[in-house]
1. Quick check: at a probe of 1.4 Å, how many percent of the accessible area of the chain sits on carbon and sulfur atoms?
2. What is the stretch 143-222 by shape, rounded, prolate or oblate, if you read a ≥ b ≥ c off the alpha carbon gyration tensor as root eigenvalues and call it rounded for a/c under 1.5, prolate for a/b larger than b/c, and oblate otherwise?
3. Which residues' amide hydrogens lie under 5 Å from the amide hydrogen of K41, considering only partners 5 or more residues apart or on another chain, with H built in the peptide plane?
4. Would you work out which of V342, H61, F236 lies farthest towards the positive end of the dipole of the chain? Charges go on Cβ: Lys and Arg +1, Asp and Glu -1.
5. List, in the order given, every pair from K8/K103; K653/K674; K8/K402; K9/K402 whose Cα-Cα distance in the structure shown is over 19 Å.
6. Over the stretch 536-615, with the other protein chains present, what is the accessible area per residue in square angstrom, probe 1.4 angstrom?
7. Can you list the chymotrypsin sites (Phe, Trp or Tyr not before Pro) in the stretch 330-411 that are in a DSSP coil and have 11 or fewer other beta carbons within 10 angstrom?
8. For I681, list long-range residues whose amide hydrogen, built 1.01 Å from N in the peptide plane, is under 5 Å from its own amide hydrogen.
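The values are calculated or read from the model by the stated rules, or taken from the named source; none is laboratory data. These figures come from a predicted structure and were not determined experimentally. Please note: Cβ atoms are built from the backbone with ideal geometry, for glycine as well, and neighbour counts cover all protein chains shown. Ligands, DNA and RNA are stripped out before the accessible areas are found, and what is left, the full protein with its side chains, is counted by its heavy atoms. Shrake-Rupley method; radii C 1.70, N 1.55, O 1.52, S 1.80 Å.
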Amino acid sequence: MEKENQNKKLEQLDSLSTSNENEKLTTNQGLKINNNQDSLKAGDRGPTLLEDFILREKITHFDHERIPERIVHARGSGAHGVFKLTKSLEKYTKARFLSELGKETPVFVRFSTVAGSRGSTDLARDVRGFAIKFYTEEGNYDLVANNMPVFFIQDAIKFPDLVHAVKPEPDNEIPQAASAHDTFWDFISLMPESMHMIMWLMSDRAIPRSFRMMEGFGVHSFKFINEEGEAHFVKFHLKPKLGVHSVAWDEAQKISGVDPDFHRRDLWEAIENGAFPEWDLGVQIVPEEDEHKFDFDLLDPTKIIPEEEVPVELVGTLTLNKNPDNFFAETEQIAFHPGHLVPGIDFSNDPLLQGRLFSYTDTQLSRLGSPNFHEIPINRSISTVHNNQRDGHMRQQIVKGKVSYEPNSIGNGCPFQAMMQEGGFASHQEKVSGSKVRERSKSFVDHYSQAKLFYNSQSTPEKMHLQNALIFELSKVTIPEIRERMVGQLAFIDMFLAWRVAEKLGLEVKKLDWPNQSLPADSNIIELQSEEREPHTKISEALSMQNTVKDTIKSRKIGFIMGNGADAEAITTLKNKLEEAGAVVEIIAPSLAPVKTNDGTVFIPKHSLTSTASVCFDALYIASGESSVQELLIPENKHLVLHFINEAYKHCKAIYFGAETDMLYKSSNVSLRKHEDPAIINIRENNPDDQFIDAISKHRVWDLELERNTHA
Ligand code: HDD
């Protein structure tokens, strides 16, 4: 039964797919074409004839093949998969995909950056979208999540302002896919409510190593409704089995040049190689009567519920196991909406969520061009659609009969409304009362305590990265008042943070008595200033990536640098060990010519020293063997190899020096180190292969970054 369900979406897509294999070329009318090389002309040197319907059809289609990109989250990558429930949530929700133990539900997931255009780099400092469409038997359920658990603003009415501020500036369309510019920081410095999110955005969470190594968060409190009609608040979490890992900012900038499709390629290749990315789905559940138990408002999307206060219960596994067949048809045309619900899940009154409920369908109308976007194959529900909606551009479904209204007698009253017991959706009955007001709840007026909680929960290297990110971003701001205002904001979070940023921006720290300095006293921004509150939870381990999973090298990419004459046995032994542990080994050689090793074994390089860079790898192995090293040391190769090593060193990666590689070691910055470094492995050590594997699984030695960078 589950198996059937798991494949239902893919079966549906299969039935709507075609392949051109062994087929003849045709027009869109199915007419076979016998010449696709020349247009129809009056004489072979004469003008093209208007009657050339084959040319006209081809060019017309081409002229119209672009659609508007998404207003935000334009750059995305997607994959199919399955969600399997491992713990029933029946007590809390009647949603069948969350209550029937063992049930498998097909999904499509789209990851994205927010600010950049469709063709922008994957490695922008940005929030990542993590949108999941669950094709359940009760209809599509969309969890339109991000990789950060909070948001910039508390009310949807500010969303267009936020997006206009972060997008390229309107006069010159600069910069692409970057928040490091005047308008973004102008807006942010005037929006104290964004400070918690800014801490996340300036942290390494904004530059993930891989989509497969990111958490996902539903952000808002939603509601679970059970069979008895009881409600619980719920926050959704996705925790990657591979742990949460990031790259260094310097690396991110370089990857943007070497491989701007880095994350898209990584996801694609992992799935093609059978290294299916997996996440645990987790929930934090709060009974309705505990709504006001916290020192923040559950409806405020700038707040998390610390895991120390409400633990995350893991209830199922999300696995991505199939790449799309066609990017445009699937990844581009998929349309998510937080309002795509199933019985058992409902909204809360979070004012950001409430506004989202309008935006998503509305945007599809201009992006996909018709109210029939739900009929595009990737958007179709696996449960058949029956209603009296009709017509519109590009209508696909052919509904038989005379009736498209209700009530009716001609169609025997069909389609009927479903009773709740039959799966009919009924909104949770919640008592609401109040005057019609355009106001922010006073319970939302605490903007810094969770920003502090996040900052204080970071490890020292993470804090440093966050400080440096702010220094980088604010250094790109050209208006001094904005920088000052921002430093003033930071002072409410952490004085040292503010001081360090101010120092690097060349500001005099004592001048920072914001807000009195630059805002008029009657500004409503002042009114919305935060209340000074001490958070109940002061440190949360879950907020630091230092505490993430660090026990696997699965799907990590290891570069083997080698020349002719390299030691085949050492290479093969290490390669096998790494591959057995799930890592991917790629050979880098002076050219793409096959590498002949000392015993005649031949290795085919995937890259040459000039076609890739260390930033594309998680770790490096410099192969053993005197002649190999000699080849790597010739002037043409030496500077490239040293650049590889020095950069990997700077980015705190594991580097393994094989036998006879001393000359390379000595010429590199690695030899300048004065202290033990667990990620620098030498063949002379005990069990160097195992040490290497252990070092890769730790991801990076961020603790030694300062020392490594002093040498680099
Ligand atoms: Fe949004 C897309 C996530 C607030 C309006 N949003 C979009 C996507 C994700 C999110 C992951 C990409 C979906 C895809 O891959 O197609 N958005 C969020 C989260 C938010 C959030 C986690 C806050 C908690 N969004 C938000 C607000 C509004 C929007 C407040 C408007 C009032 N979002 C949109 C949109 C988009 C969108 C304009 C652009 C493309 C689309 O919807 O389909 O409607």
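1. Numbers: 17200 of 33210 Å².
Whole-percent figure for carbon plus sulfur exposure: 52.
2. Here the stretch 143-222 falls in the oblate category.
3. Residues meeting the criterion, in which the H sits 1.01 Å from N, are L49.
4. Farthest along the dipole direction, towards plus: H61.
5. Values: K8/K103 13 Å; K653/K674 17 Å; K8/K402 30 Å; K9/K402 30 Å.
Going by Cα-Cα distance, K8/K402; K9/K402 fall outside the 19 Å limit.
6. Details: 3570 Å² over 80 residues.
Spelled out: the 1.4 Å probe surface of the stretch 536-615, per residue, equals 45 Å².
7. Listed in order of number, the matching sites are Y405.
8. For I681, the qualifying residues are I655, Y656, F657.
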